[in-house]
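Asks: Below you will find the structure I want to go over with you.
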Amino acid sequence: MSGSSLDGLDIAYVHLQESPSTKKEGLRKWEYSILWADCYPYSSEWRQTLASAGDLSAFEYQVLHTRYGHYLGEQVLRFIEEHNLHYQVQLVASHGHTTFHSPEHKMTAQLGDGAALAATAKINVVSDLRAMDVALGGQGAPIVPVGERLLLQDYTFFLNLGGIANISAHFERRAASDELRAGSNELQAASDKLQADQGRAGSFVAFDVCPANRVLNELALLAGMEYDAGGELASRGQVLEGLLQQLDGLAYYGKPYPKSLPNEFGTETVLPLIREAIEGKEGEGVDQGAEGGISIEDALRTYVEHVARQVVRAASGQLQAASDKLQAASGEVRASSGELQAASYKLQAETGEASGGGGGKMLVVGNEKKMLVTGGGVHNTFLVGRLRALLAPLGIEVVVPDGQLADYKEALVMALIGVLRWREENNVFASVTGASRDSIGGAVWIGQEA
């Protein structure tokens, strides 16, 4: 897959194995192994070509779509050769590179023709992973939560720091619901309703938070660097409150989910705002330096703070929403019987309480104190440090995984999405994207000979 940060092409060779559930309707789980993974950096030519693809004519775009598909096939063959994987790769799941994303028009477009890839690699391919969900009225993003649910069940929050930062919040309380089932038929029916209420949209929420690496990398380029290694430049700057307020006040952040961001939000809305401040142009509430403009260090520091604050805003909002839904469901369950009421109180006692917004009480559920953070942004240690500092008051522990998962989690999930498509099983959650139903997303291209 290729992300909006345009750093390169991520390829992972993954083994996936479904684990049988021990319960009749238990949560499915898949085991995984990332055996090999690489990021092949784009040449400056490819980086510029992909960045400007939206400006091409329809014919030129289709030519690039095919050309990039053949390029992807060539990189797959290179990967196979370098890791001696001949005749071992059974399926290629290709996300491609997103150029256009307009869910309001039921349209999304990823460069990288699946047929061209399959013809070049001579391996079966699944591509166009977002298109079906968008056709069903969904945002087509994020699509990673299916992998988080089936592969990584020890966390409640997931944050991907890519070109765009996106968050998932998974709230489930299966054990408590199982205890409630132990009573009468009436008790069981009511507890089943509690389980169902927890399992709908409130259990799986995901959306794009804000532009991240794409903006940070563009700002670093102004200082002559491809990226701000470790957040060193940002750590030297100061937070400029006027610019921060302008960024935090952008209309997208006030929209309810499901919602998603096009790449252009970072390049055409956020970056011009910061560039104007750097160039010293007058803007309402924008801090000015001694010579009229702000420094690159201050711009980076302010944007790091913006990203961290928007993540905290998203996480705290999901904690409150989950608390409200669980309290409502528990209230309905209490009405069934005295025995059920006692069990419901026990459920609340087990999950605990924490202070929430507005001076009320927030019921904390599951393992929400852990947030798995992945993506290229995890190497920005200054940004990760700010996330830890701002999330700690919410009781959320930031976890950066060791090894390949930190950099290749999304490639891993694309592999699972491809396998689920091959098996004709749902691989996109409507509760996350807002589509009319769950869907089996992806186009299949048979690259091998009959």
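The values are calculated or read from the model by the stated rules, or taken from the named source; none is laboratory data. Owing to the predicted nature of the structure, the values given are computational and were not obtained by experimental measurement. Positions of Cβ are backbone-derived with ideal geometry, glycine not excepted, and every protein chain shown enters the neighbour counts.
Asks: Name the residue that is surrounded by the fewest Cβ atoms within 10 Å (Cβ to Cβ), counting only residues in segment 371-396 that are more than 13 Å from Phe157 (Cβ to Cβ) and in contact with a Ser or Thr (Cβ under 8 Å, 6 or more places away or on another chain).
Replies: Phe382
Asks: Which count do you get for residues in segment 423-443 that are at negative phi and in contact with a Lys or Arg (Cβ under 7 Å, 6 or more places away or on another chain)?
Replies: Adding up the residues that qualify gives 5.
Asks: Given the options Val413, Val398, Val384, Val419, name the one that is at pLDDT 95 or above and under 15 Å from the mean Cα position of the chain (by Cα).
Replies: Values: Val398 fails: under 15 Å from the mean Cα position of the chain (by Cα); Val384 fails: under 15 Å from the mean Cα position of the chain (by Cα); Val419 fails: under 15 Å from the mean Cα position of the chain (by Cα).
The unique qualifying residue is Val413.
Asks: Let me ask you something else. Of the residues His97, His105, His70, which single one is farther than 20 Å from Asp55 by Cα and of a type outside the set (D, E, K, R)?
Replies: His70
Asks: Among the residues of segment 54-64, is any within 24 Å of Gly447 (Cα to Cα), surrounded by 12 or more Cβ atoms within 10 Å (Cβ to Cβ) and either touching a helix residue (DSSP H, G or I) at 6+ places or on another chain (Cβ under 7 Å) or among the hydroxyl-bearing types (Ser, Thr, Tyr) (or both)?
Replies: There is at least one residue in segment 54-64 that is within 24 Å of Gly447 (Cα to Cα), surrounded by 12 or more Cβ atoms within 10 Å (Cβ to Cβ) and either touching a helix residue (DSSP H, G or I) at 6+ places or on another chain (Cβ under 7 Å) or among the hydroxyl-bearing types (Ser, Thr, Tyr) (or both).
Asks: Taking segment 397-432, which residues are under 21 Å from Phe207 (Cβ atoms) and in a loop (DSSP other than H, G, I, E, B)?
Replies: Within segment 397-432, Asn426, Asn427, Phe429 qualify.
Asks: Okay, moving on. Criterion first (outside any loop (DSSP other than H, G, I, E, B), on the phi < 0 side of the Ramachandran plot and surrounded by fewer than 24 Cβ atoms within 10 Å (Cβ to Cβ)) does Ala450 satisfy it?
Replies: Numbers: outside any loop (DSSP other than H, G, I, E, B): no; on the phi < 0 side of the Ramachandran plot: yes; surrounded by fewer than 24 Cβ atoms within 10 Å (Cβ to Cβ): yes.
It is false that Ala450 is outside any loop (DSSP other than H, G, I, E, B), on the phi < 0 side of the Ramachandran plot and surrounded by fewer than 24 Cβ atoms within 10 Å (Cβ to Cβ).
Asks: Do we have any residue at all in segment 9-18 that's buried (at least 16 other Cβ atoms within 10 Å of the Cβ), in contact with a Gly (Cβ under 9 Å, 6 or more places away or on another chain), touching a residue at least 60 places away in the same chain (Cβ under 8 Å) and under 25 Å from Gly447 (Cβ atoms)?
Replies: Scanning segment 9-18, I find at least one residue that is buried (at least 16 other Cβ atoms within 10 Å of the Cβ), in contact with a Gly (Cβ under 9 Å, 6 or more places away or on another chain), touching a residue at least 60 places away in the same chain (Cβ under 8 Å) and under 25 Å from Gly447 (Cβ atoms), so the answer is yes.
Asks: Can you work out which of the residues in segment 217-251 that are part of a helix (DSSP H, G or I) and among the small types (Gly, Ala, Ser) is surrounded by the fewest Cβ atoms within 10 Å (Cβ to Cβ)?
Replies: Ala251
Asks: Moving on. Any idea how many residues of segment 73-112 are crowded, with 19+ Cβ neighbours inside 10 Å and touching a strand residue (DSSP E or B) at 6+ places or on another chain (Cβ under 8 Å)? Steps first, answer last, please.
Replies: As a first pass, look at segment 73-112 and keep what is crowded, with 19+ Cβ neighbours inside 10 Å: 73, 76, 79-80, 92-99, 101, 103, 108-112.
Narrowing the set further to residues that are touching a strand residue (DSSP E or B) at 6+ places or on another chain (Cβ under 8 Å) leaves 76, 79, 92-99, 101, 108-112.
Of the residues in that region, 16 qualify.
Asks: Do we have Ser94 as of a type outside the set (Lys, Arg) and farther than 23 Å from Leu412 by Cα here? It would help to see each step written out before you state the result.
Replies: Details: of a type outside the set (Lys, Arg): yes; farther than 23 Å from Leu412 by Cα: no.
So Ser94 does not fit the description; no.
Asks: Now, a different point. Read through the list (1) at positive phi; (2) not in a loop (DSSP other than H, G, I, E, B), then give the number of the only condition that Cys39 fails.
Replies: Among (1) at positive phi; (2) not in a loop (DSSP other than H, G, I, E, B), the lone unmet condition for Cys39 is (1).
Asks: Please work out if Ser436 is within 16 Å of the chain's Cα centre (by Cα), farther than 24 Å from Ser5 by Cβ and either assigned to a strand (DSSP E or B) or small (Gly, Ala, Ser) (or both).
Replies: no
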